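Undergrad: I am attaching a structure below and will ask some questions about it afterwards.
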Amino acid sequence: MTSTLPPPEQPGLERARITARTLRTDRWWSGPALTVLGLTAFLVYGLARALQQDHYWVQEYHYLTPFYSPCVAGQCAPDAAAFGRLPWDFPWFIPFAVISLPLLLLFRFTCYYYRKAYYRSFWQSPTACAVREPHAKYTGETRFPLILQNAHRYFFYAALLISVINTYDATVALFHGAEGGFGIGVGNLVLFTNVVLLWCYTLSCHSCRHVTGGRLRSFGSHPVRYRLWTMVSKLNTRHMTFAWITLGTLVLTDLYVALVASGVLTDLRIVN
Ligand code: FES
């Protein structure tokens, strides 16, 4: 495809020479500012909780916070380590969920939506439409380190696996009610709500859309993939919404487990 943009050096068609950073008079800065606040709050909370290494597990009801799942350190409570423990204790600065947490963070960090959000808000490249960016050069994602953003599709597969593990955690907890059998408490509802929304975020990923419907010459001869692609595409239109909602539900789920585990809250039982 040929570009319709004129070459920048063509006489009379250069960029306008405006000294002001922008001529916009609306509150263009409010979106990026809120993004900085939201992402910073999540990172500070997540870091504090990952380093706390306590109150991540409710033994009575088998509630495990998603921040510590799968729990693999030698110090993990035996019942919390559904997939086994490594034979050594971790130092304080290594999170118990050392296998899943970096993959999950990289999945979000390389997410197309979050990229847009933090390129604008933190890196200001540019901060908003028609607002001049502070950088002299623009190389996009063609050079190191940003070229590594292309690994997002691989983190998608890791995130799928972690979503399965979170679903397993939430399901197992249903069979550890107050009397040892099946039971439902508010904690179960919290865990399941979080899992459903995590699935919505993961499956609405652009890489998932490509996996289901990409590289096909004709949908007509692939009706199942077409159906899957249609469903994923519908979710995909809400990807930004799921990105923000799941940041909130991850924090709320972790907070709920931490409060019950520390004895500050008592889990309200609906079915014992
Ligand atoms: Fe956002 Fe893949 S998770 S694009």
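Any read-out appearing in this document is the output of simple, stated calculations on the displayed coordinates, not a laboratory observation. What you see is a predicted model, and the numbers here were worked out from it, not measured in a lab. FYI the Cβ positions are ideal-geometry reconstructions off the backbone, even for glycines, and counts take in every protein chain you see.
Undergrad: Counting alpha carbon pairs within less than 8 Å and at least 6 residues apart, what relative contact order, in whole percent, applies to the chain?
TA: On the way: 325 pairs, mean separation 59.9, N = 272.
The normalised contact order for the chain reaches 22 percent.
Undergrad: How would TYR138, TYR68 line up from fewest to most surrounding beta-carbon atoms within 10 angstrom?
TA: On the way: TYR138 9, TYR68 28.
Fewest-to-most Cβ neighbours within 10 Å comes out as TYR138, TYR68.
Undergrad: Same structure, new question: If I take R0 = 45 Å and measure r between the Cβ atoms of SER125 and ARG227 in this structure, what FRET efficiency does the formula 1/(1 + (r/R0)^6) give, to the nearest 0.05? Walk me through the numbers on the way to the answer.
TA: Details: r = 38 Å, r/R0 = 0.85.
So the FRET efficiency works out to roughly 0.75.
Undergrad: Mind telling me which of SER100, SER121, SER218 comes out most flexible in a GNM of the chain, alpha-carbon contacts under 10 Å?
TA: SER218
Undergrad: Provide, in order from the shortest bin, the percent of all Cα-Cα pairs of the chain in each 5 Å bin, continuing until the bin that contains the maximum pair distance.
TA: 1, 5, 10, 13, 14, 14, 12, 10, 8, 5, 3, 2, 2, 1, 0, 0, 0
Undergrad: Rounded to the nearest 500, what is the 222 nm mean residue ellipticity of the chain from helices alone, with -39500 (n - 2.57) per DSSP H run of 4+ residues and division by all residues?
TA: On the way: 8 runs with 128 residues, N = 272.
Calculated from helices alone, the mean residue ellipticity at 222 nm is -15500 deg cm²/dmol.
Undergrad: Tell me which residues come under 5 Å, amide H to amide H, from ILE184 once H is placed; ignore anything under 5 positions away on its chain.
TA: Excluding prolines and chain starts, which carry no amide H, the hits are ILE270, VAL271, ASN272.
Undergrad: Viscosity 0.692 mPa s, temperature 37 °C: what is the translational diffusion coefficient of the range 130-272 from Stokes-Einstein with a Kirkwood Rh over Cα pairs, rounded to a whole number of µm²/s? Don't jump to the answer; show the numbers that get you there.
TA: Values: Rh = 18.3 Å.
In µm²/s, the coefficient is 180.
Undergrad: Please identify, among ARG24, ARG120, ARG238, the residue showing maximal mean-square fluctuation in a Gaussian network model of the chain using a 10 angstrom Cα cutoff.
TA: ARG24
Undergrad: Hey, another quick one. Show me, for the range 246-256, the HN-Hα J-couplings you get by feeding each phi into the Karplus relation (A = 6.51, B = -1.76, C = 1.60, θ = phi - 60°), rounded to Hz, glycine and proline as x.
TA: Computed from phi, the couplings for the range 246-256 are 6, 4, x, 5, 4, 5, 5, 5, 4, 4, 4 Hz.
Undergrad: Whole-Hz ³J(HN,Hα) for each residue in the range 113-119, computed from phi via Karplus 6.51 cos²θ - 1.76 cosθ + 1.60 with θ = phi - 60°, x for glycine and proline: what do you get?
TA: So the J values, rounded to whole Hz, are 5, 4, 4, 4, 5, 7, 4.
Undergrad: Using Cα pairs closer than 8 Å and at least 6 residues apart in sequence, work out the relative contact order for the range 135-272, in percent. Please list the in-between numbers first.
TA: Numbers: 119 pairs, mean separation 41.7, N = 138.
Result for the range 135-272 is 30 percent.
Undergrad: Also: Of THR35, THR171, THR19, which has the largest mean-square fluctuation in a 10 Å C-alpha GNM of the chain?
TA: Sorting by GNM fluctuation, first place goes to THR19.
Undergrad: Taking the Cα centre of the chain as origin, work out the dipole magnitude from +1 charges on Lys and Arg Cβ and -1 charges on Asp and Glu Cβ, in debye rounded to 20.
TA: Details: 23 positive and 13 negative charges, 317 e Å.
Using Cβ point charges on Lys, Arg, Asp and Glu, the chain gives about 1520 debye.
Undergrad: Please arrange HIS206, HIS135 by counting, for each residue, the other beta carbons lying within 10 Å of its beta carbon, fewest first.
TA: Numbers: HIS206 17, HIS135 11.
Going from sparsest to densest Cβ surroundings: HIS135, HIS206.
Undergrad: By its C-alpha gyration tensor, with a ≥ b ≥ c as the square roots of the eigenvalues, how is the range 109-161 shaped: rounded for a/c under 1.5, else prolate for a/b larger than b/c, else oblate? Each step should come with its number before you reach the end.
TA: Working: a/c = 3.89, a/b = 1.90, b/c = 2.04.
Oblate, since a/c reaches 1.5 and b/c is not below a/b.
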